[in-house]
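Working notes, structure below.
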Amino acid sequence: MDKKLLEHAVGIVQAQVALSKMTSEEIEATLLRTYNALHRMQQAENEGRSILMAEEGIEEPDVKVEGPEKADPRSSVQEDKVICLECAAEFRQLTANHLRTHGLTPREYKRKWGFPLKQPLAARVLTKLRSRSAKKRGLPVKLQQYLEDQRQKKSASGAPEPVEAKPVTRRVVRRRTAQA
C-alpha cells in the first residue's frame, strides 16, 4: 500500500470517528472504502482521465455509517452532563446561546423534545449544587418570611385576605457580569 494514501485515509476516517460513533467493523470498512477511493483518484490523475464514481467491478462493503446518534430525551439529562438532542454535544448546562445556534429558545427546545417547562436544562449535579447553595443562604426561609409579610400588609390595609395563597416557587436566576 502507498503510505501517503494510507495516511490520508486514516486522517479522514479519524475525523469521521471523532464526529460519530462507529463500531470497529464500520471503521475498518470506511478505511478500506476511503483508501480505495483515494487510490482510484490517484490512478485517474496519473492517467489523465476523470474518475467515475459508479465504475463497473467496484464493490462497496454493505456497512451503514450513520451521523451522530441522537440521545433519548429521558436520558439526555444525566448526573454530570446534559446532551443536546439537536447536535449530540455534551454540556454541564444547555444555555440559551447554544440553543440559539439551532434556532430554538429554551421553551421551544423543551416543547419539541417533551421536557417539562420547569425542568432545568442542567446536569443533576449542578442543579443539586445550586439548591444546596440557595438553602445555605436561607433563601427558602427568607421567601416564606417575605410572603408572610406581604399577607400582613394586605390585611392591615383593609383588603380582603385571600382564602389560601400558595407559596410562589420561582427560581432566582442571577446573571454574572463580566469582571475585568
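Coordinate-derived values only; no laboratory data. Note that the coordinates shown come from a computational prediction; the quantities given were computed from them, not determined experimentally. Reconstructed Cβ throughout: ideal geometry from the backbone, glycine too, with neighbour counts over all protein chains shown.
Annotation for E79 and K154: the two label points, set 7 Å from Cα along the Cα-Cβ direction, are 4.4 nm apart.
If you stretched the chain out fully between A44 and K128, how much longer would it get, using 0.36 nm times the residue separation minus the C-alpha to C-alpha distance? List each step's numbers first, then the result.
Numbers: separation 84, 0.36 × 84 = 30.24 nm, distance 6.10 nm.
Result: 24.1 nm gained on full extension.
The loop-placed trypsin sites (Lys or Arg not before Pro) in region 15-50, going by DSSP, that have at most 11 neighbouring Cβ atoms within 10 Å of their Cβ come out as K21, R49.
Among 127-140, 88-101, the peptide with the highest mean count of other Cβ atoms within 10 Å heads the list, and the full ranking is 88-101, 127-140.
For region 70-153, state the semi-axes of the equivalent ellipsoid (square roots of 5 times the eigenvalues of the alpha-carbon gyration tensor), sorted largest first and rounded to whole angstrom.
Details: eigenvalues 198, 48, 21 Å².
Largest first, region 70-153 gives 31, 16, 10 Å.
Taken along the Cα-to-beta-carbon direction at a fixed 7 Å, the label points for Q93 and L19 span 3.1 nm. Put the Cα centre of region 74-125 next to the Cα centre of region 1-31 and the gap is 31 Å.
Given the pairs K110/K153; K81/K135; K4/K81; K112/K154, which are separated by over 31 angstrom at their Cα positions?
On the way: K110/K153 38 Å; K81/K135 23 Å; K4/K81 40 Å; K112/K154 41 Å.
The pairs that break the limit, which is 31 Å between Cα atoms, are K110/K153; K4/K81; K112/K154.
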